[in-house]
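The values are calculated or read from the model by the stated rules, or taken from the named source; none is laboratory data. Since this is a predicted model, take the numbers as computed values, not measurements. All Cβ positions, glycine included, derive from the backbone under ideal geometry; neighbour counts span all protein chains shown. These accessible areas exclude ligands, DNA and RNA; they are computed on the full protein's heavy atoms, side chains included. Shrake-Rupley method; radii C 1.70, N 1.55, O 1.52, S 1.80 Å.
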Amino acid sequence: QQPVQSPQAVILREGEDAVINCSSSKALYSVHWYRQKHGEAPVFLMILLKGGEQKGHEKISASFNEKKQQSSLYLTASQLSYSGTYFCGTGANAGNMLTFGGGTRLMVKP
Amino acid sequence: NAGVTQTPKFRVLKTGQSMTLLCAQDMNHEYMYWYRQDPGMGLRLIHYSVGEGTTAKGEVPDGYNVSRLKKQNFLLGLESAAPSQTSVYFCASTRFRGSNTEAFFGQGTRLTVV
């Protein structure tokens with residue numbers, strides 16, 4: 001079953017903050033976050049693993065609440081380049097394939 | 001490195017026609033995946049492969065076939081295209097199996113079936 005993302009869309013002004021949430025009905029082992037710009041491939045942002053390990057390539061912060069089966073992505077002091085659609089992907093265990101949420105469209109305006 | 005490359009980037013098919021989408025990766029990854037992306041639905045797994053010569057069904061496999069004859073290539077076939085297969089198709093690869101490893105995606109193929 002797909003994880004549920006909220007909000008579905010958000011519009012920000014440069015410099016504002018945003019939080020994107022990802023909720024699952026299943027117990028989770030990992031949560032991934034990807035960003036996709038229009039017409040391009042999804043690009044990896046971060047993995048959060050059960051037990052607290054995080055792996056990421058960018059200065060983006062996120063949290064993973066294992067008990068609540070939720071993850072949140074925090075975008076602070078947003079820049080125009082943050083615009084795009086953000087997807088979370090979840091896995092119930094290390095061997096599982098990812099199941100992706102429906103995406104959150106983020107638009108940052110000058 | 002090119003990463004993951006998909007061909008073609010765009011295609012229009014008539015109902016009933018067949019076609020093959022090619023995915024090539026140059027990272028020596030064992031695992032490769034085909035997803036379809038529809039508005040509001042996110043990415044849904046069609047088929048995947050855990051190594052050369054092996055394939056497995058994903059979440060939405062009906063109407064598609066795949067082959068992995070060479071480690072670097074993963075082909076997605078539509079034998080008789082239907083309008084419901086209009087979508088954007090993404091190929092991805094990972095170094096390791098499963099959900100604790102970063103996925104690398106291709107640029108996508110936009111397919112329209114009329």
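Listing for the model above:
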read-out: Buried solvent-accessible surface, both chains (B, A), 1.4 Å probe, Å² to nearest 100; value: 1800 Å²
read-out: Test item: Cα-centred dipole of chain A, Lys/Arg +1 and Asp/Glu -1 on Cβ, debye; value: 160 debye
read-out: 10 Å Cβ neighbours from other chains, averaged over peptide A:28-36; value: 3
read-out: With DNA, RNA and ligands ignored, accessible area of B:Thr112 (1.4 Å probe; Å², nearest 10); value: 50 Å²
read-out: Relative packing of peptides B:93-106, B:63-76, A:3-16 - highest average C-beta neighbours within 10 Å first; value: B:93-106, B:63-76, A:3-16
read-out: For residues of B:39-45, the mean tally of beta carbons on other chains within 10 Å; value: 6
read-out: Rounded to whole Hz, the Karplus (6.51, -1.76, 1.60) HN-Hα couplings of segment A:105-110, x for glycine and proline; value: 8, 10, 10, 10, 9, x
read-out: Rounded Å value of the spacing that divides the Cα centres of segment A:74-101 and segment B:56-114; value: 20 Å
read-out: With every protein chain in place, the protein assembly as shown: carbon and sulfur % of accessible area (1.4 Å); value: 50 percent
read-out: Entries in B:Lys14/B:Lys70; A:Lys37/B:Lys9; B:Lys9/B:Lys57 that, when Cα-Cα distance is taken, lie over 27 Å; value: B:Lys14/B:Lys70
read-out: Dipole in debye (nearest 20) - chain B, about Cα centre, beta carbon charges: Lys, Arg +1; Asp, Glu -1; value: 160 debye
read-out: Heavy-atom accessible area order for A:Leu80, B:Leu78, largest first, 1.4 Å probe; value: A:Leu80, B:Leu78
read-out: Accessible surface, per residue, of chain B when the full set of protein chains is kept, probe 1.4 Å, Å²; value: 47 Å²
read-out: Average partner coverage of B:86-96, which counts Cβ from other chains inside 10 Å; value: 1
